[in-house]
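Notes for the one structure printed next.
The values are calculated or read from the model by the stated rules, or taken from the named source; none is laboratory data. These numbers were taken from a predicted model, which means no experiment stands behind them. Virtual Cβ from ideal backbone geometry, glycine too; neighbours counted across all protein chains shown.
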Amino acid sequence: MTEYETILVERHDRTALITLNRPKALNALDLTVMAEVVDAATTLDRDPDVGALVITGSAKAFAAGADIKEMRPNGYMDVYLSDWFSAWDRLGDVRKPTIAAVSGYALGGGCELAMMCDILLAADTAVFGQPEIKLGVIPGIGGSQRLTRAIGKAKAMDLCLTGRTMDADEAERAGLVSRIVPAADLLTEALSTAATIAGMSTPIAMMAKESVNRAFETTLAEGVRFERRLFHATFATADQKEGMAAFTEKRTPSFTHR
Ligand code: CAA
């Protein structure tokens, strides 16, 4: 497996764990972290033996945002011509289910990275926010869009305009977070959720993900039609035959991910 400078990558059966590893900078997301997370996630996505991915940080910080010191000297032409942050979009193209396991700070780009994942598990210590306004910028990795879709205009405006943070409880009430777990259990819970998903048929999980994500891109009627076509397509898989046979025969299914 590739050696990375700013992240750690581990495999556990059919799941993979990417750990952000810049502790001295609270996992600030510089261009190296961006390139490495995107490279690792897209490589694991192509691996037929991987069914789900977990992205996590440290106990203190999932990620404290994009790297402010790296961004600071740039001018408009630097960020425009290099299309600063655009490589993060490739994470959105990952087709296998992804889980963000968030402990501590998930601010700015850290909150945006967590929101790019399909399931967001928070430790009771998690702190979310889009404090870019305090630096004289606005979110740049989709925060104003994904946060608004996740928690609605009222709270998204509040967070983006004041830069205030919200704790795990508020984030769960607002619908940003799937579940809150005690900090000590976060990784176990995230890996076990990933293992549950990876134990399902991977192509079917990919279709479920694609179908849910379609809800954000289209009308209800088009979305339902899209879902119906994918539902029909599941009948072309060996795993549909196995899943329904196993139910009828009162046994656990043995999916072949085909
Ligand atoms: N970029 C670069 N370095 C960062 C950083 C960041 N986003 N966040 C923390 N660090 C560094 C600090 O500079 C410090 O380094 P030194 O020891 O060399 O001084 C180290 O990490 C530890 O940080 P603190 O001493 O500040 O730790 P703390 O516990 O006192 O505070 C914190 C923690 C409240 C998270 C504070 O670090 C903080 O406010 N960080 C910045 C949060 C932020 O504004 N994030 C948004 C960034 S912009 C962005 O993300 C744009 C976008 O949309 C993509």
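Here are the numbers for the structure shown:
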item: Number of positions in segment 181-206 that are of a type outside the set (Gly, Ala, Ser), farther than 16 Å from CYS117 by Cβ and surrounded by 18 or more Cβ atoms within 10 Å (Cβ to Cβ); result: 4
item: Test for LEU8: is it crowded, with 21+ Cβ neighbours inside 10 Å and either in the same structural domain as THR188 (by the TED database) or in a strand (DSSP E or B) (or both); result: no
item: Qualifying positions in segment 128-142 - β-branched (Val, Ile, Thr) and either away from the ligand (no atom under 15 Å from the Cβ) or within 16 Å of the chain's Cα centre (by Cα) (or both); result: ILE141
item: Subset tally (residues that are part of a loop (DSSP other than H, G, I, E, B) and either within 12 Å of the chain's Cα centre (by Cα) or farther than 10 Å from ALA168 by Cβ (or both)) for segment 118-127; result: 1
item: Filter result (in a helix (DSSP H, G or I) and of a type in the set (Gly, Ala, Ser)) within segment 75-93; result: SER86, ALA87, GLY92
item: Single unsatisfied condition, MET115 versus (1) among the hydrophobic types (A, V, I, L, M, F, W, C); (2) out of contact with any helix residue (DSSP H, G or I) (no Cβ under 6 Å at 6 or more places or on another chain); (3) assigned to a helix (DSSP H, G or I); result: (2)
item: Qualifying residue in segment 46-53 (condition: at pLDDT 95 or above, aliphatic (A, V, I, L, M), away from the ligand (no atom under 13 Å from the Cβ) and in a strand (DSSP E or B)); result: yes
item: Any chance SER178 is away from the ligand (no atom under 16 Å from the Cβ), of a type outside the set (A, V, I, L, M) and touching a residue at least 40 places away in the same chain (Cβ under 8 Å); result: yes
